[in-house]
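The values are calculated or read from the model by the stated rules, or taken from the named source; none is laboratory data. Everything numeric here is computed off the predicted structure, so don't read it as measured data. Surface areas here come from the heavy atoms of the whole protein model, side chains and all, with no ligands, DNA or RNA. Shrake-Rupley method; radii C 1.70, N 1.55, O 1.52, S 1.80 Å.
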Amino acid sequence: MNILHIDCSPRPDSHSRRLSAAVVEKLLTMLPGAPISRRDLGFEPIPHAGAAYAAALATPASLAAAGRSADALQLAEQLIDEVERADVIVIGTPMNNFTVPSVLKAWIDQILRVERTMKSTPAGKIGMLRDRPVFVGIASGGVFAGDRANQPDFLRPYLTAVLGCIGFNTVHYLPLQGTSFIDEAHADEVRRSLIATIEPSMLSLVPSLV
Ligand SMILES: Cc1cc2nc3c(=O)[nH]c(=O)nc-3n(C[C@H](O)[C@H](O)[C@H](O)COP(=O)(O)O)c2cc1C
């Protein structure tokens, strides 16, 4: 039983950090004592996919030749290992220019790999990892969801597609919107109401609870 807690904001005093921390706190009331692993992409960004990694992934032959133990795949293997060991994943992320920040994209580029976390078939990509709940706390300066949305949302559809590719189809989004114009008290209230939507049934895939 393990919760992987990922943060993406570069700001210490961050709405998405507070939100993801509150999600973890709520999950711990349902999964008491569960160990937490941390991956802080905001404070310790991982490098973007480099030349050696791109060369390894270029063709099925180069991938097969590299093998899992290749230096070029070391970081990817470490990050995939963290994901595989997690029974629940919590991501706190800002919305940047209608989608995920580049630090989260850099992580995604290491996690999705043909013949490791997904299969490429004529019908599309099929996940190789077992499904598990993923909670995504999003902080956005403006509004991208609901009746007052006035900007595109490429974040949720994109993450849903990416996570679905590797087999994670149980994604719960918790959007804390309008951070550029709501005050702290309002943000606290929204955060509390988002946390209140997390129910034990959302953890039905967690092995120890099945
Ligand atoms: C580079 C950059 C791009 C941003 N793009 C958007 C955007 O497309 N839509 C939006 O609503 N807010 C946008 N914002 C505002 C952030 O989403 C908002 O400040 C959010 O609260 C940041 O998350 P944090 O509080 O966890 O750091 C952007 C901020 C930055 C720095």
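Things worth noting here:
- The length gained on full extension between residue 169 and residue 154, counted as 0.36 nm times the residue separation minus their Cα-Cα distance, comes to 3.7 nm.
- Long-range tail of P(r) for region 1-157 (Cα pairs > 24 Å, %): 42
- Equivalent ellipsoid dimensions for region 1-56 as semi-axes, Å, which come from the Cα gyration tensor, largest first: 28, 16, 7
- Debye-sum result for region 27-92 in log10 I(q)/I(0), which assumes one identical scatterer on each alpha carbon, at q = 0.17, 0.19, 0.29 Å⁻¹: -0.74, -0.84, -1.28
- Angstrom value of the Kirkwood radius, inverse mean 1/r, which spans all Cα pairs in region 123-196: 13.8
- A straight Cα-to-Cα reach below 28 Å connects residue 26 with the lysines 105, residues fewer than 8 places away in its own chain not being considered.
- Counting only heavy atoms of the protein chains and using a 1.4 Å probe, residue 176 has close to 0 Å² of accessible surface.
- Cα Rg over Rh - region 97-146, Kirkwood: 1.06
- Based on Cα contacts under 8 Å between residues 6+ apart, the chain shows a relative contact order of 24 percent.
- Beta bridges per DSSP with both ends in the chain, % antiparallel, nearest 5: 15
- A helix-only calculation puts the chain at -11000 deg cm²/dmol for mean residue ellipticity at 222 nm, using -39500 (n - 2.57) for each DSSP H run of at least four residues, averaged over all residues.
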